[in-house]
Each structure stands twice: as C-alpha cells, then as structure tokens.
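Chemist: This is the structure I have questions about; it appears just below.
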Amino acid sequence: MKDYRRSICSTCRHAPYCSLTTDMSNISSCSEYVHHLDTGEEPTYMVSIEMMGNNRQRNKRKEPVLN
Amino acid sequence: MTTLTKTSKKTRKQGMLDNVMRQFDNAADIIGLNPNIRKILEVTNNEFVVHFPVRMDNGEVEIFTGYRVQHNNALGPYKGGLRYHPTVDIDAAKALAMWMTWKTSLAGLPYGGAKGGIQLDPSNYSLAELERITRRFTYALGDNIGPELDIPAPDVNTNPQTMAWILDTYMSTKSPSERSTNMHVVTGKPIGAGGSEGRDRATGYGVFLNIKFWAEHKKVDLKDKKFIVQGFGNVGYWAAHFLEKEGAVMTAVQDAYGSIANEDGMSVEELMEYATANKGSVLGFADAVPIDKNDFFALNCDICIPSALGNQITAKNAPKIKAYLIAEGANGPTDVEAEEILLKKGIDILPDILCNSGGVIGSYFEWLQNRNGEIWQLDEVMAKLEKKMGESFKRVLETSQRRKADMRTAAFIIAIERLEEAYVQRGIFP
C-alpha cells in the first residue's frame, strides 16, 4: 500500500480500490475507514466491576465482566 | 516523560489546519474580533508530547510517542478524540483540536477543544499489546486529562474498548473513595462501563434533525423527497434510516466499493442488511443498479448527504449538482470553490460544524449522566438531542439572516462570538 503522507488512507483496507476519492494525500476522517479492530475477530469488552459502578445492572450487551 | 512544546511562530498551514484557520479568519474578520482574543484563539493552550515504554508480547520494550493538544478551555473542559495512527503528530492534532473548540462552542456545550493520539499502526500490535500501550499512555498523560479537565473520546482506530481501558487505568490511579467519581474522564464507553444509550446513532440522527429543521423552516414536506448518501457507515446509515421513517426516499448510495442507484428508491434497512452480509459493500444490491462513481453527485435528487470524507464536492462536480440541499455529514466535504458555485446556484448547505455535531452532543450527554449519577433511556437521549440541535440550528439560521451570511459563516461567527464573550466577561489573568 502506498505511503499516503498525512492521511488515514495509509492504513485503510479500502485504499487500493476506494471509489470515493483518488486524492488520498490529506484525509483526516472518513466514515468508510475500516477500524483496525473491526477487520479481524471482534474484541470482547473487558469491564471490571469497579468501572461499571452504578451501571452494574445495565450490562445489556453481555460484556464479560472481569473482577 | 512529559514535555511541553513551544508553538512555532511560523506554524505550517496545511490541509486541515489551513482550512480551519481560513474559516476562523473569515468569521473573525466579519465580526471584527478583538485582536487580543484573536491572538489567544490562534494558538493552542497546551501541547503534550509523551514518550513511554511498553513491553511487547515477545519480551522486548518499545518506546511510543503520544500526543495531546489542548486548544482552548474558555468554555469548559477540553474535549476531543484520541486516534491511533502513523500520521498522528502535533500539526494534525492542533488542527483537529481547534476544530473541536469551534464545534463545541457552536453546539452550546460547556467544553473546549482537544485532540491527540499515539503514532502507531495498530495492525502491527496484538490486542494485549494495544491494551498495554493504551494503559501506559493514560498513565503518561497522568493528571493532564481528567473528567473536569480534558475528556478524550474514540477516534480513528480507537473504540469503546479503548475508552474502557483508559477509564480503568485512570481510575486505578485514584484513591478508592474517588474512583467512582471519575467515570466521566472519557466518553464513548461501552454501555456496561458507563456509556450512553443512543451514542451510536447520535451523529446520523443529528444530520437528519438538521434536514428536518431546514425543511420545517422552508415549509418543505420531506415525504417522497429523494435523497442520495455518500458513505453508508454509521453517519450515512442512521441519517438515511431516520429520513426514510419521515417518508423520504433513498435513490442512491456511494461507498468505498462503488455506487448504486434506483430512482424509484431502495429500502435503507434492506440495503444495510445486504451490506452487512456482503463485507460492508453496497455493490450487488438486487434493488439497485451500479452507476459510474463520477455520476453520483449529478444524480437527480432533492437532498444530497455527503457523509464520508472531505473534498468530495468540488468545482468540477458542483455545477452538475441537482439537489437543493447539501447536508454535510462528513467533515469538510465541500471545498471552497464548490461552495461558491453552490451558493450562487441557490443551493442551501447545512455546514459540517453544525450538521454533524450530534456526536459530540451525544458525548456530552454521556458525560452528564456519569457526572450526575443518572441513566437515561434511549428516547430521553434522543429527545434531548433534538432539543439541543434545534437550538443550534435556530441560532445559525437567525445569525445567517441577520448577518446576511451563508450558514457556514454564521456557524463560525456564533462559535467565535461565544468564546469572545467568555474572554470579555472574564478578562485576562492577571
């Protein structure tokens, strides 16, 4: 992949074929940018009891809770 | 290992920083901004560069460089994202931090502007390494961030998990009795760790609301109005979702893979379902045909929503645009020359700083809930967002009419005047 200086395109999976733009020299934000952590396996949220605080009963997304 | 860098007198203006400074200068000239306050707003308050060691999975130690730029806090704690990317540096962070100052000011939030991140390519590190890097960066920043000082949020290559690590690390540095009072040190957290309902759709809903307010003002019924969306990510999808519920019809979509159209309309939900199952691509959707990417903005429609990236509407394609409303879901999608062409054609532009501010308002609601020990339901969050965005829209419209200026200029005027007022009333210490 080309080294697009000053552009987030340098690490975007779509860059080689992106239909949105050919000028990838200075892109600082893009809704189509593929988040690194979204490209492989989804990470599980690791939330300690302390962090949950008063929201303890609201762990609707079933994140694994680490003590 | 914290160093404070001095701001160079010859600040290199390039790309984003150049744009931000140009828009600031334009609005400052129009309102005749106090020259002393202009001096303050032209520079950043603080620029932190931290170098910190982290042990890698193979046992070796690597040194990382992290940045946090705090532009201005006249209106409240600094607020802005943290990104992990090789391009992160002081110049990039300065431009984005300044942009956040104007955005939070316009939105009427009690925040200033900040931005930062770590210069790295996250694909080179394991999840465990990223966790250690994040935690060590948080420790290195120390009390230069805080729930009432500087509140980071997710950005490029950082997400709710990253925020949860920052929160956990920051809280761990506090005494047990203080820990639970620091939940609002970051926003964009997972729901289970103090995140807010509705944060996922806040930006897209904000784009929709601005279109709705504009339509009410112009007495335009959104039912059966045709709209096209560039970018079918979080912003584009949710904006389309709410527009469709209002009776509007999505006739074309462009994403990184290509462009599709159906002038009779296509279902937003069915397209999202298809794209999700098709590695995120809208290409191949049965209810639409592929079109040339260069024809996208020239399509026949009423509303155009560029919600992907900057510099998409240019002098080249602006003359061909048929929509009478551009709602900027992305940052800087319309360049300067294109804007002149569009305004001359009588096309209204809902500027990015207003149109996509739903995200930071959503963050503010998360911060408020944590700060006040409250938990709001989704409908409550959405109702408050509508109220807040309605106030912003009204202020921009009124200023635009009173100053006989376009909405972008009006938005910058409001943002800068609010900061000017704070400085005039408070004075300059000592």
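Since every read-out is calculated from the coordinates, none of them should be taken as a lab result. Worth saying up front: this structure is predicted, and the values here are computed from it rather than measured. Note: ideal-geometry Cβ built from the backbone for every residue, glycine included; neighbour counts use all protein chains shown.
Chemist: Show me, for the stretch B:328-342, the HN-Hα J-couplings you get by feeding each phi into the Karplus relation (A = 6.51, B = -1.76, C = 1.60, θ = phi - 60°), rounded to Hz, glycine and proline as x.
Modeler: The phi angles translate into 7, x, 8, 8, x, x, 10, 7, 4, 5, 5, 4, 4, 4, 5 Hz.
Chemist: With each label point set 7 Å from Cα along the Cα-Cβ vector, what nm distance links B:THR314 and B:ASN58?
Modeler: 4.2 nm
Chemist: Give me the number: length gained by fully extending B:ASP295 to B:HIS51, i.e. 0.36 nm times residue separation minus the C-alpha to C-alpha distance, one decimal in nm.
Modeler: Gain in length upon complete extension: 83.1 nm.
Chemist: Nearest 5 percent is fine: what portion of the DSSP beta bridges confined to chain B is antiparallel? Write out the running numbers ahead of the final one.
Modeler: Numbers: 27 of 50 bridges.
Rounded to the nearest five, the antiparallel share is 55 percent.
Chemist: Suppose R0 equals 41 Å. What FRET efficiency, 1/(1 + (r/R0)^6) with r the Cβ-Cβ distance, do B:ILE428 and B:GLU246 give to the nearest 0.05?
Modeler: In this case the efficiency is close to 0.30.
Chemist: While we're here: Taking only DSSP H segments of four or more residues, each worth -39500 (n - 2.57), what value at 222 nm results for chain B once the sum is divided by all its residues, to the nearest 500 deg cm²/dmol?
Modeler: Mean residue ellipticity at 222 nm (helix-derived): -14000 deg cm²/dmol.
Chemist: Still on this model: Send over the Kirkwood Rh of chain B, from the inverse of the averaged 1/r over different Cα pairs, rounded to one decimal Å.
Modeler: Details: mean 1/r = 0.0446 Å⁻¹.
Final number for the Kirkwood radius of chain B is 22.4 Å.
Chemist: A further question on this structure: For peptide A:17-27, compute the average count of partner chain beta-carbon atoms within 10 Å of each residue's beta-carbon.
Modeler: Averaged over the peptide's residues, the number is 6.
Chemist: To the nearest whole number, what is the average tally of beta carbon atoms from other chains within 10 Å of the beta carbons of peptide B:117-130?
Modeler: 2
Chemist: Please compute, for the alpha-carbon atoms of the protein assembly as shown, the extent along each of the three principal axes and give them in descending order in Å.
Modeler: Sorted from largest, the Cα extents of the protein assembly as shown read 59, 55, 45 Å.
Chemist: Enter the Cα centre distance for the pair the stretch B:300-368 and the stretch B:57-91, rounded to the nearest angstrom.
Modeler: 28 Å
Chemist: Nearest 0.05, what FRET efficiency do B:ALA128 and B:LYS174 give at R0 = 22 Å with Cβ-Cβ as r?
Modeler: 0.35
Chemist: Of the beta bridges DSSP finds with both residues in the stretch B:1-154, what % are antiparallel, to the nearest 5? Please report the intermediate quantities before stating the final value.
Modeler: Working: 20 of 28 bridges.
The answer is about 70 percent antiparallel.
Chemist: Work out the FRET efficiency for B:ARG402 and B:ALA286 from their Cβ-Cβ distance, taking R0 = 45 Å, and round it to the nearest 0.05.
Modeler: Efficiency computed from Cβ-Cβ geometry: 0.35.
Chemist: Could I ask something else about it? What residues have an amide H closer than 5 Å to that of B:ILE291, excluding those fewer than 5 places away on the same chain, when H is modeled at 1.01 Å from N in the peptide plane?
Modeler: Amide H to amide H, under 5 Å and 5 or more residues apart or across chains, B:ILE291 pairs with B:SER259, B:ILE260, B:ALA261.
Chemist: Looking at the protein assembly as shown, what % of its DSSP beta bridges pair antiparallel, to the nearest 5?
Modeler: In the protein assembly as shown, approximately 55 percent of DSSP beta bridges are antiparallel ones.
Chemist: Longest exposed-loop-site-free stretch of chain B, with trypsin sites (Lys or Arg not before Pro), DSSP loop and at most 16 other Cβ within 10 Å? Working shown, then result.
Modeler: Numbers: sites that count: B:LYS6, B:LYS9, B:LYS10, B:ARG12, B:LYS13, B:LYS174, B:LYS219, B:LYS223, B:LYS279, B:LYS316, B:LYS322, B:LYS345, B:LYS404.
My reading of the result: B:14-173 is the longest stretch.
Chemist: For B:GLY113, which sequence-distant residues (separation of 5 or more, or a different chain) have an amide H within less than 5 Å of its own amide H, given hydrogens modelled in the peptide plane?
Modeler: Placed amide hydrogens put B:HIS71, B:ASN72, B:LYS79, B:THR101 under 5 Å from B:GLY113.
Chemist: I would also like to ask the following. Want the number for B:GLN119 to B:ILE31: 0.36 nm per residue separation, take away the alpha-carbon distance, what's left? Write down the numbers at each step before the final one.
Modeler: Working: separation 88, 0.36 × 88 = 31.68 nm, distance 3.80 nm.
Residue separation times 0.36 nm, minus the Cα-Cα distance, leaves 27.9 nm.
Chemist: Taking a 24 Å limit on the Cα-Cα distance, which of the listed pairs B:LYS103/B:LYS322; B:LYS344/B:LYS388; B:LYS212/B:LYS384; B:LYS316/B:LYS345 fall beyond it?
Modeler: Beyond 24 Å: B:LYS103/B:LYS322; B:LYS344/B:LYS388.
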